[in-house]
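As C-alpha coordinates, the structure follows; a few thoughts come after it.
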(Lines give C-alpha, C1' and ligand atoms only; values in the text may rest on other atoms or scores of the structure.)
Protein backbone atom coordinates (compact mmCIF):
# COMPACT_ATOMS: atom_id res chain seq x y z
CA UNK A 1 0.00 0.00 0.00
CA UNK A 2 1.22 3.53 -0.69
CA UNK A 3 2.15 5.96 2.07
CA UNK A 4 -0.36 8.82 2.18
CA UNK A 5 0.88 12.17 3.49
CA UNK A 6 -1.84 14.85 3.56
CA UNK A 7 -0.40 18.34 3.20
CA UNK A 8 -1.69 20.64 5.92
CA UNK A 9 -0.91 23.64 3.74
CA UNK A 10 -4.40 23.05 2.29
CA UNK A 11 -6.09 22.57 5.66
CA UNK A 12 -8.27 25.06 7.56
CA UNK A 13 -5.76 26.89 9.75
CA UNK A 14 -8.55 28.15 12.00
CA UNK A 15 -9.51 24.53 12.71
CA UNK A 16 -6.13 22.82 13.02
CA UNK A 17 -7.17 20.73 16.03
CA UNK A 18 -10.17 19.44 14.10
CA UNK A 19 -8.02 18.73 11.04
CA UNK A 20 -5.49 16.83 13.19
CA UNK A 21 -8.26 14.81 14.82
CA UNK A 22 -9.54 13.91 11.36
CA UNK A 23 -6.10 12.82 10.16
CA UNK A 24 -5.48 10.82 13.33
CA UNK A 25 -8.70 8.91 12.72
CA UNK A 26 -7.95 8.41 9.01
CA UNK A 27 -5.73 5.96 7.13
CA UNK A 28 -3.14 8.70 6.52
CA UNK A 29 0.42 7.66 7.35
CA UNK A 30 2.24 10.97 7.78
CA UNK A 31 1.44 14.65 8.25
CA UNK A 32 3.17 16.63 5.47
CA UNK A 33 4.16 20.12 6.60
CA UNK A 34 5.43 22.67 4.08
CA UNK A 35 7.64 25.40 5.53
CA UNK A 36 8.19 28.38 3.18
CA UNK A 37 10.34 31.43 3.80
CA UNK A 38 9.33 33.83 1.03
CA UNK A 39 12.91 33.68 -0.30
CA UNK A 40 13.53 30.21 -1.69
CA UNK A 41 9.89 30.15 -2.83
CA UNK A 42 7.60 33.16 -3.39
CA UNK A 43 5.31 32.43 -0.47
CA UNK A 44 5.35 32.25 3.34
CA UNK A 45 3.51 29.49 5.19
CA UNK A 46 4.09 28.55 8.84
CA UNK A 47 7.04 27.74 11.03
CA UNK A 48 8.29 26.27 14.28
CA UNK A 49 5.53 27.31 16.76
CA UNK A 50 2.77 25.89 14.55
CA UNK A 51 4.66 22.64 13.98
CA UNK A 52 5.24 22.26 17.72
CA UNK A 53 1.50 22.53 18.37
CA UNK A 54 0.65 20.13 15.54
CA UNK A 55 3.10 17.66 17.10
CA UNK A 56 1.09 17.80 20.33
CA UNK A 57 -2.10 16.93 18.43
CA UNK A 58 -0.69 14.33 16.04
CA UNK A 59 -0.46 10.58 16.53
CA UNK A 60 1.52 10.17 13.29
CA UNK A 61 5.00 11.14 12.05
CA UNK A 62 5.58 14.72 10.96
CA UNK A 63 7.06 14.86 7.45
CA UNK A 64 8.52 18.38 7.33
CA UNK A 65 9.47 19.83 3.93
CA UNK A 66 11.74 22.87 4.16
CA UNK A 67 11.32 25.20 1.19
CA UNK A 68 13.77 27.62 2.71
CA UNK A 69 17.27 28.95 2.19
CA UNK A 70 20.04 27.94 4.60
CA UNK A 71 18.09 25.04 6.14
CA UNK A 72 21.12 23.95 8.16
CA UNK A 73 20.61 26.91 10.49
CA UNK A 74 17.25 25.56 11.61
CA UNK A 75 17.51 21.77 11.52
CA UNK A 76 17.98 21.41 15.29
CA UNK A 77 15.02 23.70 15.92
CA UNK A 78 12.77 21.60 13.72
CA UNK A 79 13.88 18.49 15.60
CA UNK A 80 12.89 20.17 18.86
CA UNK A 81 9.55 21.21 17.35
CA UNK A 82 8.77 17.56 16.58
CA UNK A 83 9.86 16.81 13.01
CA UNK A 84 10.33 13.09 12.36
CA UNK A 85 11.47 13.50 8.75
CA UNK A 86 13.25 16.62 7.53
CA UNK A 87 13.51 17.25 3.79
CA UNK A 88 15.72 19.99 2.35
CA UNK A 89 15.98 21.15 -1.25
CA UNK A 90 18.90 20.17 -3.45
CA UNK A 91 18.73 23.65 -4.96
CA UNK A 92 19.11 25.35 -1.55
CA UNK A 93 22.07 23.32 -0.29
CA UNK A 94 25.54 23.92 -1.75
CA UNK A 95 26.87 21.53 0.93
CA UNK A 96 24.15 18.90 0.64
CA UNK A 97 26.05 16.01 2.20
CA UNK A 98 26.71 18.12 5.30
CA UNK A 99 23.01 18.99 5.54
CA UNK A 100 21.95 15.34 5.22
CA UNK A 101 24.43 14.20 7.87
CA UNK A 102 23.27 16.97 10.20
CA UNK A 103 19.66 15.79 9.90
CA UNK A 104 20.59 12.17 10.54
CA UNK A 105 22.83 13.05 13.47
CA UNK A 106 19.87 14.86 15.04
CA UNK A 107 17.89 11.62 14.87
CA UNK A 108 15.53 12.45 12.01
CA UNK A 109 14.95 10.74 8.67
CA UNK A 110 16.73 12.72 5.97
CA UNK A 111 15.11 13.69 2.69
CA UNK A 112 16.13 15.74 -0.34
CA UNK A 113 13.60 17.45 -2.60
CA UNK A 114 14.18 18.36 -6.23
CA UNK A 115 12.33 20.97 -8.25
CA UNK A 116 10.70 20.13 -11.61
CA UNK A 117 13.73 21.34 -13.60
CA UNK A 118 16.32 19.41 -11.55
CA UNK A 119 17.47 16.07 -13.05
CA UNK A 120 17.36 13.03 -10.78
CA UNK A 121 20.89 12.14 -11.94
CA UNK A 122 22.22 14.93 -9.72
CA UNK A 123 21.30 12.84 -6.67
CA UNK A 124 23.53 9.93 -7.71
CA UNK A 125 26.28 10.56 -5.13
CA UNK A 126 23.95 11.33 -2.21
CA UNK A 127 21.24 8.73 -2.90
CA UNK A 128 22.66 5.98 -0.63
CA UNK A 129 22.57 8.42 2.32
CA UNK A 130 18.91 9.38 1.89
CA UNK A 131 15.83 8.00 3.58
CA UNK A 132 13.60 9.67 1.01
CA UNK A 133 13.62 11.73 -2.16
CA UNK A 134 10.79 14.20 -2.67
CA UNK A 135 10.06 14.80 -6.34
CA UNK A 136 8.22 18.07 -6.83
CA UNK A 137 5.63 17.54 -9.54
CA UNK A 138 4.68 21.24 -9.49
CA UNK A 139 6.76 24.36 -8.97
CA UNK A 140 7.08 24.72 -5.19
CA UNK A 141 5.48 27.51 -3.24
CA UNK A 142 1.74 27.23 -3.83
CA UNK A 143 -0.94 24.56 -3.49
CA UNK A 144 -3.59 23.67 -6.04
CA UNK A 145 -1.32 23.48 -9.11
CA UNK A 146 -1.58 20.94 -11.92
CA UNK A 147 0.69 17.90 -12.05
CA UNK A 148 3.63 18.21 -14.48
CA UNK A 149 3.52 15.04 -16.66
CA UNK A 150 7.32 14.89 -17.13
CA UNK A 151 7.49 14.03 -13.42
CA UNK A 152 6.46 10.46 -14.28
CA UNK A 153 9.68 9.97 -16.26
CA UNK A 154 11.74 11.27 -13.32
CA UNK A 155 9.94 9.02 -10.84
CA UNK A 156 10.54 5.98 -13.02
CA UNK A 157 14.19 6.83 -13.58
CA UNK A 158 14.80 7.35 -9.88
CA UNK A 159 12.99 4.13 -8.93
CA UNK A 160 15.20 2.18 -11.34
CA UNK A 161 18.34 3.63 -9.74
CA UNK A 162 17.11 2.83 -6.22
CA UNK A 163 16.19 -0.74 -7.16
CA UNK A 164 19.43 -1.34 -9.06
CA UNK A 165 21.46 -0.26 -6.03
CA UNK A 166 19.31 -2.24 -3.60
CA UNK A 167 18.49 0.87 -1.57
CA UNK A 168 15.53 1.37 0.77
CA UNK A 169 15.16 5.07 -0.15
CA UNK A 170 11.52 6.09 -0.49
CA UNK A 171 10.21 8.19 -3.39
CA UNK A 172 7.69 10.80 -2.30
CA UNK A 173 5.79 12.88 -4.87
CA UNK A 174 4.29 16.26 -4.09
CA UNK A 175 2.16 18.46 -6.32
CA UNK A 176 -1.06 18.07 -8.25
CA UNK A 177 -1.83 14.58 -6.92
CA UNK A 178 -5.48 13.66 -7.49
CA UNK A 179 -7.59 10.52 -7.36
CA UNK A 180 -7.38 10.46 -11.16
CA UNK A 181 -3.59 10.49 -11.55
CA UNK A 182 -2.41 8.88 -8.29
CA UNK A 183 -2.43 5.33 -9.70
CA UNK A 184 -0.23 6.43 -12.59
CA UNK A 185 2.22 8.07 -10.17
CA UNK A 186 2.42 4.88 -8.11
CA UNK A 187 2.87 2.78 -11.22
CA UNK A 188 5.83 4.97 -12.20
CA UNK A 189 7.51 3.95 -8.93
CA UNK A 190 6.43 6.31 -6.15
CA UNK A 191 6.10 5.01 -2.59
CA UNK A 192 4.48 8.03 -0.93
CA UNK A 193 1.89 10.54 -2.14
CA UNK A 194 1.49 14.07 -0.82
CA UNK A 195 -1.96 15.51 -1.41
CA UNK A 196 -3.38 18.78 -0.12
CA UNK A 197 -6.26 20.31 -2.04
CA UNK A 198 -7.44 16.87 -3.19
CA UNK A 199 -7.92 15.82 0.44
CA UNK A 200 -8.83 18.95 2.35
CA UNK A 201 -10.89 20.42 -0.49
CA UNK A 202 -13.21 17.41 -0.45
CA UNK A 203 -16.31 17.25 1.80
CA UNK A 204 -15.20 13.78 2.92
CA UNK A 205 -11.41 13.93 3.29
CA UNK A 206 -11.21 10.57 5.08
CA UNK A 207 -12.85 8.88 2.10
CA UNK A 208 -10.30 10.43 -0.27
CA UNK A 209 -7.46 9.24 1.96
CA UNK A 210 -9.00 5.74 1.96
CA UNK A 211 -9.29 5.75 -1.83
CA UNK A 212 -5.66 6.84 -2.28
CA UNK A 213 -4.45 4.32 0.28
CA UNK A 214 -6.13 1.42 -1.49
CA UNK A 215 -5.09 2.14 -5.07
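How many residues does the range 197-215 hold that are in a loop (DSSP other than H, G, I, E, B) and within 14 Å of residue 29 (Cα to Cα)?
Taking the range 197-215 as the starting set, the residues that turn out to be in a loop (DSSP other than H, G, I, E, B) are 201-204, 214-215.
Now drop any that are not within 14 Å of residue 29 (Cα to Cα), which leaves 214.
Qualifying residue count, the range 197-215: 1.
Of the residues in the range 74-104, how many are farther than 26 Å from residue 57 by Cα and loosely packed, with under 15 Cβ neighbours inside 10 Å?
Result for the range 74-104: 5.
Go through (1) part of a helix (DSSP H, G or I); (2) touching a residue at least 24 places away in the same chain (Cβ under 8 Å) and name the single condition residue 14 misses.
With (1) part of a helix (DSSP H, G or I); (2) touching a residue at least 24 places away in the same chain (Cβ under 8 Å) applied to residue 14, the lone miss is (2).
Taking the range 163-215 as the region of interest, how many residues are within 19 Å of the chain's Cα centre (by Cα) and on the phi > 0 side of the Ramachandran plot?
Adding up the residues that qualify gives 3.
Can residue 72 be described as within 16 Å of the chain's Cα centre (by Cα) and in contact (Cβ under 8 Å) with a residue 12 or more places away in the chain?
Considered against the rule, which asks whether it is within 16 Å of the chain's Cα centre (by Cα) and in contact (Cβ under 8 Å) with a residue 12 or more places away in the chain, residue 72 comes out as no.
Of the residues 144, 176, which single one is buried (at least 21 other Cβ atoms within 10 Å of the Cβ) and either assigned to a loop (DSSP other than H, G, I, E, B) or at pLDDT below 95 (or both)?
Just one listed residue meets the conditions, 176.
Quick one: is residue 162 farther than 27 Å from residue 105 by Cα, in contact with a strand residue (DSSP E or B) (Cβ under 9 Å, 6 or more places away or on another chain) and either at pLDDT 95 or above or surrounded by 20 or more Cβ atoms within 10 Å (Cβ to Cβ) (or both)?
So residue 162 does not fit the description; no.
Can you pull out every residue in the range 105-150 that is out of contact with any strand residue (DSSP E or B) (no Cβ under 9 Å at 6 or more places or on another chain), within 19 Å of residue 61 (Cα to Cα) and in contact (Cβ under 8 Å) with a residue 24 or more places away in the chain?
107
Report the residue count in the range 21-39 for those that are over 18 Å from residue 172 (Cβ atoms), touching a strand residue (DSSP E or B) at 6+ places or on another chain (Cβ under 8 Å) and part of a helix (DSSP H, G or I).
Of the residues in the range 21-39, 0 are over 18 Å from residue 172 (Cβ atoms), touching a strand residue (DSSP E or B) at 6+ places or on another chain (Cβ under 8 Å) and part of a helix (DSSP H, G or I).
Do we have residue 52 as at pLDDT 95 or above, surrounded by fewer than 18 Cβ atoms within 10 Å (Cβ to Cβ) and either under 18 Å from residue 109 (Cα atoms) or more than 12 Å from the chain's Cα centre (by Cα) (or both) here? It would help to see each step written out before you state the result.
Numbers: at pLDDT 95 or above: yes; surrounded by fewer than 18 Cβ atoms within 10 Å (Cβ to Cβ): yes; either under 18 Å from residue 109 (Cα atoms) or more than 12 Å from the chain's Cα centre (by Cα) (or both): yes.
The answer is yes for residue 52.
The values are calculated or read from the model by the stated rules, or taken from the named source; none is laboratory data. Everything quoted here is computed from the prediction, not taken from an experiment. Quick reminder, even Gly has a Cβ in these numbers, built from the backbone with ideal geometry, and neighbours come from all protein chains shown.
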